[in-house]
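Remarks on the structure that follows.
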């Protein structure tokens, strides 16, 4: 499992710079026209807001929350974003708690244009809060954006994240991670 995780993270780190050099279109903003031209161009910015849910790997403990993000497109398909989340958990037989997350994410969109834009990515950051150990966290994510107007979209995203205390332990807790899913709205400008 460790080898597979290291290979996946290594491939993502290698692919990100390659996508930057593969794009030669330096235009910014948006193309006019029908839905096949919708979506941001290199240099565009993006904000999102959404509702989220969380569950452990066994799906027997859960929480809900809100999140927001701000990002910018390094090229027509590669998004670098900062994400902030706040969640509340009130488990049966346990103490309620608030948990915050702050993460950096890199998402590769698989289609450069059109109303339907699936993406995959990685994230890294931290989690903190009441009844929560302050730790680093890393994750793998994927989802889809559906543009309802040229600059406005509805999105769904799922991520599998795990916590760790030190960088050398990044892959030790992969099996103890949890799932998060988000539904929300976004806007490019």
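The values are calculated or read from the model by the stated rules, or taken from the named source; none is laboratory data. Here the structure is a predicted model, which means the values were calculated and not measured. Please note: Cβ atoms are built from the backbone with ideal geometry, for glycine as well, and neighbour counts cover all protein chains shown.
Values as computed for the structure displayed
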{"read-out": "Those residues of segment 122-135 which are part of a strand (DSSP E or B) and without any contact (Cβ under 8 Å) to a residue 40 or more places away in the chain, in sequence order", "value": "124, 126, 127, 128, 129, 135"}
{"read-out": "Pairs, first at positive phi and buried (at least 21 other Cβ atoms within 10 Å of the Cβ) in segment 145-164, second at pLDDT 95 or above and assigned to a loop (DSSP other than H, G, I, E, B), C-beta under 7 Å, six or more apart", "value": "none"}
{"read-out": "Lone unmet requirement of (1) part of a loop (DSSP other than H, G, I, E, B); (2) modelled with pLDDT under 50; (3) surrounded by 15 or more Cβ atoms within 10 Å (Cβ to Cβ); (4) out of contact with any helix residue (DSSP H, G or I) (no Cβ under 9 Å at 6 or more places or on another chain) for residue 9", "value": "(1)"}
{"read-out": "Residue count for segment 92-106, restricted to those that are surrounded by fewer than 15 Cβ atoms within 10 Å (Cβ to Cβ) and touching a strand residue (DSSP E or B) at 6+ places or on another chain (Cβ under 8 Å)", "value": "3"}
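Yes/no matrix, rows are residues, columns are (1) within 21 Å of residue 152 (Cβ to Cβ); (2) at pLDDT 95 or above:
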residue	(1), (2)
82	yes, yes
102	no, yes
109	yes, yes
114	yes, no
